[in-house]
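The values are calculated or read from the model by the stated rules, or taken from the named source; none is laboratory data. Every value quoted in this text rests on a predicted model; they were computed, and no experiment measured them. Here the Cβ positions follow ideal geometry from the backbone for every residue, glycine too, while neighbour counts run over all protein chains shown. Please note that ligands, DNA and RNA were not included when accessible areas were found on the heavy atoms of the full protein model with its side chains. Shrake-Rupley method; radii C 1.70, N 1.55, O 1.52, S 1.80 Å.
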Amino acid sequence: MTRIGLTRGGAATAGVAAVGLLLAGCNPGGEGVRSEGSAGTTRAPQGALHTTPSPSATARYKKVDAVKLLKHAPKVGPDVKRSLAKPCAADEYPVEVTYASLTGAKSPDVIVNVMTCADSVGIGAYVFRRRPGAPDGYDTVYVNEQPTVYAGVNKGDLEVSKQTYAAGDKVCCPSGEDVVTFHWADGRFSQRGRPYHTDYSKTTAGGATPDDDTGTEG
């Protein structure tokens, strides 16, 4: 069960993958996206918007063994590596892979999200840049191991989101989302613009929806 996304500057909003996804890709927008295999049931956070672009047969990328890449990367933390010591079930690891042009390299970069087996919460987001001579052929150019993290692509930039929880929220149902965009320049990712926060809509028992529940913070 493998699904891999390839995008060149499309838009992707953060999603939470189902338990036990093996190398499952998100649905980044824009042209040049290529998917392989089938994906299991995926659960997107409230307010998330996914687009399905037209595939491109001419897009070039090199498929990687993401689990092996993570285990060998020096910048990946020991807790994440321990979580990949064995699959969630059978040969299925909770890893999602997207191929995208973020750093201007000749080959597409590899965006990898790692989740927990039990509840599919993001525990690690990484970007690997192709470089011959590097360990496994890739340099780790972005690392974020804060819980609920998720990395995607938005108009050729790296977009990193983090689910936020209020007191009493269940793991399945966060109250909102913080999003930060990063742009590659001078050999590194730098924050672009202000981060923003979205409060997800909460429907009451009577079917009413709270007033204006979306805000932006600088």
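The figures follow:
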| read-out | value |
| --- | --- |
| Neighbour cut-off at most 15 other Cβ (10 Å), DSSP loop, trypsin sites (Lys or Arg not before Pro), the range 115-157 | Lys155 |
| Heavy-atom SASA rank of Asp186, Asp139 (probe 1.4 Å, accessible area, largest first) | Asp186, Asp139 |
| Accessible-area value, Glu92, 1.4 Å probe, nucleic acids and ligands omitted, Å² | 50 |
| Under 22 Å from Lys86, Cα to Cα: lysines that are on another chain or at least 8 residues apart | Lys63, Lys68, Lys71, Lys75 |
| Taking only Cα atoms of the range 104-195, radius of gyration then Dmax in Å | 14.8, 49 |
| Förster radius 41 Å - calculated FRET efficiency between Arg60 and Lys86 (Cβ-Cβ, nearest 0.05) | 0.80 |
| Ranking by accessible area, most exposed first, for Lys63, Lys75 with a 1.4 Å probe | Lys75, Lys63 |
